[in-house]
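The values are calculated or read from the model by the stated rules, or taken from the named source; none is laboratory data. These numbers were taken from a predicted model, which means no experiment stands behind them. A quick note on method: Cβ atoms are made from the backbone with ideal geometry, for glycine too, and the neighbour counts reach across all protein chains shown. With ligands, DNA and RNA removed, areas are computed over all heavy atoms of the protein, side chains included. Shrake-Rupley method; radii C 1.70, N 1.55, O 1.52, S 1.80 Å.
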Amino acid sequence: MKTDTIAAIATGMTNAGISIVRMSGDEALEIIDKIYYSPKKNKKLSEVASHTVHYGYILDGEQTIDEVMVLVMKGPNTYTREDVVEIDCHGGVVVTKKILETVIKYGARVAEPGEFTKRAFVNGRIDLSQAEAVIDVINAKNEYALSSSMSQLKGNILNRIKDIRDNVIHDVAFIEAALDDPEHIEIGNFSETLLMNVDCNLAILDKLLESADNGRLLREGIKTVIVGKPNAGKSSLMNILLGEDRAIVTDIAGTTRDTLEETINIHGITLNIVDTAGIRDTDDIIEEIGVKKAKENAEKADLVIYVVDGSRDLDQNDYDIIEMIKDIKCVVLLNKSDLKPKITAEQIESLTGKKVVKISALEGTGIEEFETLIKDLFYEGKLNFNDEVYLTNIRHKSAIVEAKESLEQVKQSIMDGMPEDFYSIDLMSAYNSLGYIIGEMVDDDLVNTIFKEFCMGK
Ligand code: GDP
């Protein structure tokens, strides 16, 4: 059956050096033949070797639209496994749109977001976890997120999941065969072997789930809240980290009223940082909203940064904060180290039990030490992308949780001495849950929802 040919602008919609209009489908070569000519007018791109590049012009009837380079890639060794043609044109928005309009006029249709990658999935070049990795590579906010998505794109999640599924289906096959042919296949003490296999699979799934938290931090960034009493220097710190005057700094206590959310990168780690009103007891209504929010935010945060004004004595606000951060991942910044100290790093360290870095948000000192501390706190020894697989996708996480529940059920049935056919049912449901990750047994709605998240042209 012939597939329709889709086309889209694959590059961003701003004026740039070059833009790319991409086509995929059975008629891609036919269409390019109608609108491309080489300088000597002697070339048909449908007849050239695959994976070659050709200089020439795009024209619509008599009108030459642009001078271009055309990449001809014949299926199945292409992104979509179909014939793919890419037209590299001059990077103006008008000219690029005109080229897209021309390929549409000659028979292609506009691709939906993610439709190229969807075809790669439907045509079996990649599995669903790899397709999802493509979005993650594009949306990666930092280097760690990028390496993790690349690892997923290379099939690391797919392989891990496939291995477990192979083990599970092997056990199911054995049980079924033994039940069908008891004379020749001895089921005997297979339940012991099965128990060992299930435990082994559960251990791998547990490890993947453990990695999910780090995966989330990688992908979405570390939700960070800055706390400290009014005038401790929270806004000034935020400005230094952002490298610009974004938060409003004043020396009137309590001026940072709204919650600002900003993203910063430290050594490739993303902090989604929230600067809130100072935490303190207050009668001021607006301020109170801010304070309440700060407390709520701190409780939900992955990391709290407590800014202490080292030039003033600690007061009740500080003691309240110290109480609040007791069980939270937190670093303490002893600020205003350029002024005469009223409190030392050792004192605040023993009060809070947290790591303390001396900084001056005014002079910008101590910031490097702070950044190193953040890096160490989250990643040292924990994240290594060479061989580790990190689960970054919530859909994958819930499928693994389901598979785990089914395997736990198998264990339970073994311990309860249930008959063997009970094991198969739960083994099969674990098998199916895991299949969901790589795109087996998924319905069209899910596939469509996933690909809708893609940008145009991908
Ligand atoms: P916030 O209320 O915690 O957000 O505090 P701000 O960042 O608005 O700072 C309050 C005041 O302290 C401002 O006048 C800042 O210029 C000043 N300040 C902040 N950090 C330092 C510092 O490291 N040294 C000195 N000397 N002043 C600072």
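If you filter the range 353-371 down to residues that are outside any loop (DSSP other than H, G, I, E, B) and at pLDDT below 95, you find that the one that is farthest from the ligand (Cβ to nearest atom) is LYS355. The set of residues from the range 149-176 being open to solvent by less than 10 Å² (accessible area, probe 1.4 Å) and outside any helix (DSSP H, G or I) comprises just one member, GLY155.
Restricting to the range 1-55, name every residue that is part of a helix (DSSP H, G or I), open to solvent by 60 Å² or more (accessible area, probe 1.4 Å) and not acidic (Asp, Glu).
First, the residues of the range 1-55 that are part of a helix (DSSP H, G or I): 28-35, 45-47.
Still in the list and also open to solvent by 60 Å² or more (accessible area, probe 1.4 Å): 30, 34, 47.
Of everything in the range 1-55, just one residue is part of a helix (DSSP H, G or I), open to solvent by 60 Å² or more (accessible area, probe 1.4 Å) and not acidic (Asp, Glu), namely LYS34.
A single member of GLU86, GLU101 is charged (D, E, K, R), outside any helix (DSSP H, G or I) and modelled with pLDDT of 95 or more, and it is GLU86.
Could you list all residues from the range 199-217 that are in contact with a helix residue (DSSP H, G or I) (Cβ under 7 Å, 6 or more places away or on another chain) and open to solvent by 50 Å² or more (accessible area, probe 1.4 Å)? Matches in the range 199-217: ILE204 only.
Given the options GLU220, GLU186, GLU192, name the one that is away from the ligand (no atom under 16 Å from the Cβ) and surrounded by 14 or more Cβ atoms within 10 Å (Cβ to Cβ). Exactly one of GLU220, GLU186, GLU192 is away from the ligand (no atom under 16 Å from the Cβ) and surrounded by 14 or more Cβ atoms within 10 Å (Cβ to Cβ), namely GLU220.
The single condition from (1) open to solvent by 50 Å² or more (accessible area, probe 1.4 Å); (2) farther than 19 Å from ILE437 by Cα that ILE226 fails is (1). Restricting attention to the range 84-106, the residues that are open to solvent by 40 Å² or more (accessible area, probe 1.4 Å) and touching a Lys or Arg at 6+ places or on another chain (Cβ under 8 Å) add up to 1. Contact map, the range 67-78: residues that are part of a loop (DSSP other than H, G, I, E, B) paired with residues that are open to solvent by 30 Å² or more (accessible area, probe 1.4 Å), Cβ distance under 6 Å, separation 6+ or inter-chain. Pairs shown: LYS74/SER50; LYS74/ASP83; GLY75/ARG81; GLY75/ASP83.
Out of the range 104-117, which residues are within 22 Å of ASN448 (Cβ to Cβ) and either among the aromatic types (Phe, Trp, Tyr) or in a loop (DSSP other than H, G, I, E, B) (or both)? Break it down into steps so the answer makes sense when it comes.
Here is the first cut: in the range 104-117, the ones within 22 Å of ASN448 (Cβ to Cβ) are 108-117.
ALA108, ALA111, GLU112, PRO113, GLY114, PHE116, listed by residue number.
Among the residues of the range 217-232, those that are closer than 15 Å to ALA298 by Cβ and outside any loop (DSSP other than H, G, I, E, B) comprise ILE222, LYS223, THR224, VAL225, ILE226, VAL227. Test GLY124 against the stated conditions and say whether it is at pLDDT 90 or above and surrounded by fewer than 22 Cβ atoms within 10 Å (Cβ to Cβ). Taking the combined requirement at face value, the residue satisfies it.
Among the numbered conditions (1) open to solvent by 10 Å² or more (accessible area, probe 1.4 Å); (2) near the ligand (Cβ under 9 Å from one of its atoms), the only one that ALA232 does not meet is (1). Scanning the range 37-81 for residues that are hydroxyl-bearing (Ser, Thr, Tyr) and more than 39 Å from the chain's Cα centre (by Cα) gives TYR37, SER38, TYR57, THR64.
Here is a list: ILE248, ILE252, ILE226. Which entry is at pLDDT 80 or above and on the phi < 0 side of the Ramachandran plot? Let's see the steps before the verdict.
Working: ILE248 fails: at pLDDT 80 or above; ILE252 fails: at pLDDT 80 or above.
Only one candidate qualifies: ILE226.
Within the range 289-302, the presence of at least one residue that is away from the ligand (no atom under 11 Å from the Cβ), out of contact with any helix residue (DSSP H, G or I) (no Cβ under 9 Å at 6 or more places or on another chain) and modelled with pLDDT of 80 or more is confirmed.
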